[in-house]
1. From the list THR26, THR5, THR13, THR46, which one is at pLDDT below 75, hydroxyl-bearing (Ser, Thr, Tyr) and open to solvent by 20 Å² or more (accessible area, probe 1.4 Å)?
2. How many residues, within the stretch 173-186, are crowded, with 19+ Cβ neighbours inside 10 Å and either at pLDDT below 85 or of a type in the set (Lys, Arg) (or both)?
3. Does GLU309 satisfy being open to solvent by 80 Å² or more (accessible area, probe 1.4 Å), acidic (Asp, Glu) and modelled with pLDDT of 85 or more?
4. Is there a residue being modelled with pLDDT of 90 or more, over 24 Å from the mean Cα position of the chain (by Cα), closer than 24 Å to ARG220 by Cα and of a type in the set (S, T, N, Q) anywhere in the stretch 317-337?
5. Could you list all residues from the stretch 250-298 that are out of contact with any Ser or Thr (no Cβ under 9 Å at 6 or more places or on another chain), free of Cβ contacts under 8 Å to residues at least 12 places away in the same chain and either among the basic types (Lys, Arg) or closer than 22 Å to LYS173 by Cα (or both)?
6. Determine the pairs where a residue that is free of Cβ contacts under 8 Å to residues at least 40 places away in the same chain and over 18 Å from ALA85 (Cα atoms), located within the stretch 102-119, has a partner that is open to solvent by less than 40 Å² (accessible area, probe 1.4 Å) and of a type in the set (Phe, Trp, Tyr) with Cβ atoms under 7 Å apart, the partner being 6 or more residues away or on another chain.
7. Among the residues of the stretch 277-287, are any farther than 30 Å from SER211 by Cβ, open to solvent by 40 Å² or more (accessible area, probe 1.4 Å) and either over 27 Å from the mean Cα position of the chain (by Cα) or at pLDDT 85 or above (or both)?
Amino acid sequence: MECATLYEQHILTWVSISGAAATVRTTWDPAEEAGEYFTLEKKYATAEGQYRSCLVNGGRYWRMFAETQGWARGYAEFLSGGVCAPWICDHAAVEAVIMLRYLEHFFHVLGKATPLIRQLRAEELSSWSEVERINSAFEMSSPSPRVRGLSNSMMFNNPFSKMILANMKQHVKVIVIACDPVSRFEKVFFRQHLCKDAAGVSSEPNQTCHSSIAAALDDRPLLQRYVVGSELQHLRQLFGSRLTVVHQESLRQDPQYVYDAIATIVGAGPFPPRMEFIRYNAHMGPRTGLCDNASQVNALKEFFLPDYEAIESLVSDAGTPRWMVERLRRTRCDRPEEIHRRAPRCPGNVTPSHRMCRGRERMQASETA
């Protein structure tokens, strides 16, 4: 078999440019976060270096997932990493031959017998080549502007994805809509962590639930899961001026201006003057009852204070007016139309104090007249 023969002829070379972590899991413990980011960046640099060396040596780089019978104890072990194989090796050959041979060498170096391999899976890791390919495609495209967008916040949960996007320096711009931290937590708690019946069952499978949001105030690990300030700061480090943070409050106050500004940032023209921006994904009403207890609201504000400060810093850097920044610590509890379903609202769920809403009302009145 030509693939296996080529691999065996130069196995030490192939192995020397294999093994870097091609996927990661993180816990984001705030006490260790800076060091964790540093470690991730080192891993990314190592994987990128191996990938490029693999290409130079006429190989293709593959992400490996292996489930083995634990060599020390009798439970399943999951291994992942990058494997460089000769260019002639296709997906089937990598899974059937190359990965097994690499693992045999890996465990031999550890001085251990190769454990029982339950499952092997390979995916060609083209992320770094995609960076170069996409950048080249943009350079060769026609001079007319082309704007492509992807609305996928989950992408930023993967540290490697963030670093790959950050390497696409010429064209990738990131727009982040930042929500009020307390309102965001209250909504997620209502949807995922509030027990829905007396038996203590959550609406989401495998989620811890609490009978009230007051009980959640003592669940620090739960609260910590929804801290975003340090993540936003890390995005700023990665993307610099290519990151724009927009606060949700500005969308309530002047959606036309904000959407026009975003469109200008990404290279598109402004929206039509009478474009109506509808509010989606809104769940009105008292929800958890948080807004009936000012001390609980203040306790959550205190916990999420670093998030408030990070968001305010980033939106200030983006040119948000000072009067708007001063409003950024308003929660949904400061908007009665959010709590009381019968409170008056303008079209699109916009608050009646919104100047554009008043303008729309005047325009409608003049048209009726």
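The values are calculated or read from the model by the stated rules, or taken from the named source; none is laboratory data. Keep in mind it's a predicted model, so treat the numbers as computed, not measured. So basically every Cβ, Gly included, is an ideal-geometry build from the backbone, and we count neighbours across all protein chains shown. Ligands, DNA and RNA are excluded from the accessible area calculation, which covers all protein heavy atoms including side chains. Shrake-Rupley method; radii C 1.70, N 1.55, O 1.52, S 1.80 Å.
1. THR26
2. 0
3. Details: open to solvent by 80 Å² or more (accessible area, probe 1.4 Å): yes; acidic (Asp, Glu): yes; modelled with pLDDT of 85 or more: yes.
It is true that GLU309 is open to solvent by 80 Å² or more (accessible area, probe 1.4 Å), acidic (Asp, Glu) and modelled with pLDDT of 85 or more.
4. For the stretch 317-337, residues modelled with pLDDT of 90 or more, over 24 Å from the mean Cα position of the chain (by Cα), closer than 24 Å to ARG220 by Cα and of a type in the set (S, T, N, Q): absent.
5. Scanning the stretch 250-298 gives ASP260, ALA263, THR264, GLY269, ARG274.
6. THR114/PHE107
7. No, the conditions are met nowhere in the stretch 277-287.
Residues are listed down the side, and each one gets a yes or a no for (1) more than 18 Å from GLU312 (Cα to Cα); (2) open to solvent by 30 Å² or more (accessible area, probe 1.4 Å); (3) under 22 Å from the mean Cα position of the chain (by Cα):
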{"site": "GLY229", "(1), (2), (3)": "no, no, yes"}
{"site": "LEU238", "(1), (2), (3)": "yes, yes, yes"}
{"site": "SER241", "(1), (2), (3)": "no, yes, yes"}
{"site": "HIS247", "(1), (2), (3)": "no, no, yes"}
{"site": "ILE265", "(1), (2), (3)": "yes, yes, yes"}
{"site": "PRO270", "(1), (2), (3)": "yes, yes, no"}
